[in-house]
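J.: Pasting in a structure now, in structure tokens, and then I'll have a few things to ask.
What follows draws every value from the coordinates through simple rules; no lab data is involved. Keep in mind that what you see is a predicted model, and the values were worked out from it rather than measured. Virtual Cβ from ideal backbone geometry, glycine too; neighbours counted across all protein chains shown.
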Amino acid sequence: MDERSTTFLFPGQASQFVGMGRDLYERYPSVRELYEQANDLLEFDIAEISFTGPAELLRQTAYTQPAILVHSIAVTSVLESYAIRPTYVAGHSLGEYSALVAAGYLGVAEAIRLVKLRSSLMHQAGEEWPGTMAAIIGLDAGQVEEICSEASEPDEPVQPANYNSPQQIAIAGAVKAVHRAIELAKKAGAKRAILLDVSGAFHSQLMVQAQSGLSQAINETAFIASDIPVIANVNASPVTDLNEIRRLLIAQLTNPVRWSESMTTLLDLGCERYVEAGPGNVLKGLMRRVDKSARVMNADSVEHIEDIINVFEESTE
């Protein structure tokens, strides 16, 4: 198969949907084995939750993160069975773990264990340090950063959390500070400034407790050398050094996801096509806001994967 300039993109929370992965599970024995392995490692039935929900349960961080991870790994494994492999990988927040598996830096079991711990620690941090998030649409990064600075107080911080596209930025922090930022954003001319349905202030300083708990596990986990660069969330740069990957993965919990910059990095590297490997098409939509001409193919179902296989086969003829 042709693998020139192909990037695998991996989604994070909010991309999940009830039923995701079921058709892969029914079609491919290897995917069934993957879900069985995940069920054992997680000590709950992630297949049942992914396939039948209910949606309220699947939205809970403790289930959302492992469900998206396993689905993304399943998609990647099927693509790899047809010799479709990435030149680069990038994952949005949680998706960075899926990306590290796809690039060969992390084993499947190690990734599942880390994400199980990560989701638990993030949930705990959200309970002990209550916070929320909001989406600001129609203002640029400098404006949102200035608004967050103005809305913050010493014991009530708020900061940019996801630079998703040039004019779509999520903020995270203390509840009162986020509400202040929303009002300031509206006054500044934002097209929309709305609260998000989340259980914590992800990618903010309110996740420090989760970060300290996760850092030891990451540093004790065996990572494997690979020559496939991962575009890291924290600095939007290609990374292959194992120590740097560990450091950035730890820093990710309290630093913003620089997704828009990451996509620009890939475009500058000359990447010609992208495969969104996991549930939904959120990342495809975000890429269109960075570069409308970029070709992004969805891979969250058997039908979509078959379409991608045909595209790659035609490109080698």
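J.: Taking amide H positions as placed 1.01 Å from N in the peptide plane, with prolines and chain starts having none, which residues 5 or more places from residue 133, or on another chain, fall under 5 Å of its amide H?
T.: Sorted by chain and number, the residues that satisfy this are 196, 198.
J.: Based on the Cβ-Cβ distance of residue 212 and residue 113, what FRET efficiency does E = 1/(1 + (r/R0)^6) give at R0 = 22 Å, to the nearest 0.05? Spell out each step's value before the answer.
T.: Working: r = 18 Å, r/R0 = 0.81.
E between residue 212 and residue 113, to the nearest 0.05, is 0.80.
J.: Take every DSSP beta bridge with both residues inside the chain and express the antiparallel ones as a percent of the total, to the nearest 5.
T.: 55 percent
J.: Take residue 37 and residue 56, extend 7 Å from each Cα along the Cα→Cβ direction, and tell me the distance between the two endpoints in nm.
T.: Each label point lies 7 Å from its Cα, and together they span 3.4 nm.
J.: With the crude spin-label approximation of a point 7 Å out along Cα→Cβ, what separation in nm comes out for residue 81 versus residue 197?
T.: Going by the 7 Å Cα→Cβ label model, 3.4 nm.
J.: Mind checking which of 110, 56, 244 has the largest fluctuation in a GNM of the chain, springs on alpha carbons under 10 Å?
T.: Result for the chain, Cα springs under 10 Å: 56 fluctuates most.
J.: Could I have the simple spin-label model distance between residue 240 and residue 291, label points 7 Å from Cα toward Cβ, reported in nm to one decimal?
T.: My value for the distance between the label points is 2.1 nm.
J.: Connecting C-alpha atoms closer than 10 Å in a GNM of the chain, tell me which of 73, 112, 194 has the biggest fluctuation.
T.: Residue with maximal mean-square fluctuation among 73, 112, 194: 194.
J.: Separate question: Residue 128 to residue 48: extension gain in nm, 0.36 nm per residue of separation minus the Cα-Cα distance? Don't skip to the end; give the middle numbers.
T.: Values: separation 80, 0.36 × 80 = 28.80 nm, distance 2.96 nm.
Taking 0.36 nm per residue and subtracting the Cα distance, the gain is 25.8 nm.
J.: Now, a different point. Run the dipole for the chain about the Cα centre, Lys and Arg Cβ at +1, Asp and Glu Cβ at -1, nothing else charged, and hand back the magnitude in debye, nearest 20.
T.: Numbers: 24 positive and 41 negative charges, 165 e Å.
The dipole magnitude comes to about 800 debye.
J.: Report the Cα-based extents of the stretch 131-199 along its three principal axes, largest first, to the nearest Å.
T.: Computed over the stretch 131-199, the largest-to-smallest principal extents equal 28, 23, 16 Å.
J.: Provide the per-residue ³J(HN,Hα) series for the stretch 63-72, in order, calculated from phi with Karplus coefficients 6.51, -1.76, 1.60 and θ = phi - 60°, each as a whole number of Hz, with x at glycine and proline positions.
T.: Values per residue, Gly and Pro as x: 9, 4, 4, x, 5, 5, 4, 5, 4, 5 Hz.
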